[in-house]
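To start, the structure under review is shown below, and the notes come after it.
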Amino acid sequence: MEKSQQLEILKQLIAIPSVNDHEADVADYLVTLFAPYRDQVTIERVTYAPGRDNLVITAGQGDKTLGLAGHMDVVAPGDLAQWDTDPFKATLKDGRLYGRGACDMKSGLAAIVVALLEMLEHQTLPGQIRLLATVGEETGEYGAAQLTEAGYADHLAGLVIAEPSADLGEVGYTAKGVIDYILTAKGKGAHASRPQLGINALDHVLEFANQAKVRLAALDQTDPVLGPLTHVISVIEGGEQINSVPAQATLKGNIRTIPAHPNQQVYDILDGLVAELNQRPGYNLNLTYSFPEEPMPGNADAPLLRLIDQVHQEVFATPLTPVGQSGASDGSEFLHAKGDFSIALIGPGGSTSHASNEYVELAVYYQAIEFYQRLAQKFFD
């Protein structure tokens, strides 16, 4: 495949405005690319919701399977006045391709797609490779969760997710978990001059906040790569007006967990705190969690990581740095698949994820295609 064709595939992907939705349009386009090889691949669409199809493409044969994964959604472009170009019209300038998703992560998705297409074209598939293109990564990894539950990641021999990783200068192998929680409190309104006639819901969420900070601070182990568990109270809302006792209030928080302090340990603490507080007169608290993700353990010395480092040395002049990640990815869901396999996150793209004027270095994009092909060949040696 000529570089112009490799570039065109990425440009076409960026042109599809799959902002937290419409991933089926991306899947439609990818299916057209693999249509010439229908006798060599199995194409499966797994619908999450109308207009939101995951795509699974399995190529080759063998007794072990390499997974290559990428998500098809992007975040909203935000304030268009902050963009120098149309975010959904890929624009080439000074060796960079600009557009929403150019970094996170349509360049990674395009690179693994092109790598697989070229192996099909040249009949150089070294074994069975499964492409997992997911929906909803940016808002909760629920496409990866759906594919995992359906068994598409079961018993992989290894999984590479093409997330941006300092232009393939880093490889993520472990990650913090995520817990977003929402606490609601119901009280009783009254005039602020007669507070004894009301129940202050805002006081109750603040009491929860104070105690939650103290109890979670007791989870004080520190991961040598990921660091400590963190807890941020990010939103507090409540009340109707300044001279009224608040009859309702909401508190939201974000927790990043580590393998030493998994999510269940946090749930036990917070659920137990709510149960205790609800025993007090007037307390009516309710706690819910939004798309929680487990921490992803990993081993920098795993065979897949060593192989990635070996191939990286062949393609890049700079060394590869193994890292942990504080943000969640589809790997947090795929780790629940059956079997024991390593997950690595490595792909084109630098530090412009979710930013205005998001871009990818084209030279890195082309190197990523070569990297994934070489990795696949050596994986099955």
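The values are calculated or read from the model by the stated rules, or taken from the named source; none is laboratory data. Bear in mind that the values here come from a model prediction, so they are computed numbers and not experimental data. Neighbour counts are summed over all protein chains in view; Cβ atoms, including those assigned to glycine, are modelled from backbone coordinates with ideal geometry. The area values use the complete protein model at the heavy-atom level, side chains included, leaving out ligands, DNA and RNA. Shrake-Rupley method; radii C 1.70, N 1.55, O 1.52, S 1.80 Å.
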| For GLN279, net neighbour charge (Lys/Arg +1, Asp/Glu -1) across residues whose Cβ lies under 15 Å away | -2
| remark: With label points set 7 Å from each Cα along the Cα-to-Cβ direction at THR222 and GLN377, the distance between them in nm comes to 4.4 nm
| query | Which of LEU117, PRO164, GLY143 sits closest to the plus end of the dipole of the range 79-169, meaning its Cα is farthest towards the positive end, when Lys and Arg get +1 and Asp and Glu get -1 on the C-beta? | reply | LEU117
| ³J(HN,Hα), Karplus 6.51/-1.76/1.60, whole Hz, each residue of the range 237-247, x for Gly, Pro | 10, x, x, 10, 7, 5, 10, 10, 6, x, 8
| remark: Among beta bridges assigned by DSSP with both residues in the chain, the antiparallel ones amount in percent, to the nearest 5, to 70 percent
| Partner aspartates and glutamates for LYS213 [C-alpha distance under 19 Å; skip if fewer than 8 residues away on the same chain] | ASP180, ASP203, GLU237, ASP268, ASP271, GLU276
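Packing-wise, with mean Cβ within 10 Å as the measure, how do 353-360, 172-179 rank, highest first?
Numbers: 353-360: 20.8, 172-179: 24.2.
So the order, starting with the most tightly packed, is 172-179, 353-360.
Which FRET efficiency, nearest 0.05, do SER4 and ALA81 yield, Cβ-Cβ r, R0 30 Å?
0.40
Ranking request for peptides 197-203, 365-371: highest mean number of other beta-carbon atoms within 10 Å first, then the rest in descending order. Don't jump to the answer; show the numbers that get you there.
Numbers: 197-203: 19.3, 365-371: 22.3.
For the peptides 197-203, 365-371, the packing ranking is 365-371, 197-203.
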| What Rg and what Dmax come out for the range 121-260 when only alpha-carbon atoms are used, in angstroms? | 23.1, 81
| message | Given a 1.4 angstrom probe, I'd like the percentage of the accessible area of the chain that is carbon and sulfur, rounded to a whole number. | response | 48 percent
| request: Working from Cα positions, state the angle (0 to 90°, nearest 10) between the long axis of helix 263-277 and the longest principal axis of the chain. | output: 20 degrees
| query | Considering every pair of different Cα atoms, what Kirkwood radius, in Å, is found for the range 290-329? | reply | 12.2 Å
| the range 67-131 - Rg over Rh from alpha carbon coordinates, Kirkwood radius | 1.11
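Round to the nearest 0.05 the FRET efficiency obtained for ALA275 and LYS188 when R0 = 25 Å and r is the Cβ-Cβ distance. If you can, show how the numbers build up before the last one.
Working: r = 21 Å, r/R0 = 0.85.
It comes out at approximately 0.70.
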| said: Taking every alpha carbon pair in the range 1-51, what does the distance histogram look like in 10 angstrom bins from 0, in percent? | reply: 22, 46, 30, 3
| task | Report, ordered by chain and residue number, the lysines lying within cross-link reach of LYS89, taken as a straight Cα distance under 24 Å and ignoring same-chain residues fewer than 8 apart. | result | LYS3, LYS11, LYS106
| message | What lysines does LYS378 reach when the alpha-carbon gap must be under 18 Å and sequence neighbours fewer than 8 apart in one chain are set aside? | response | LYS64
| query | Calculated FRET efficiency, LEU197 and ASN254, Cβ-Cβ r, R0 45 Å, to nearest 0.05? | reply | 0.80
| Cα-projected label distance for LYS89 with GLN211, points at 7 Å along beta-carbon direction, nm | 5.8 nm
| message | Just the number please: accessible area per residue for the chain, 1.4 Å probe, all protein chains included, in Å². | response | 42 Å²
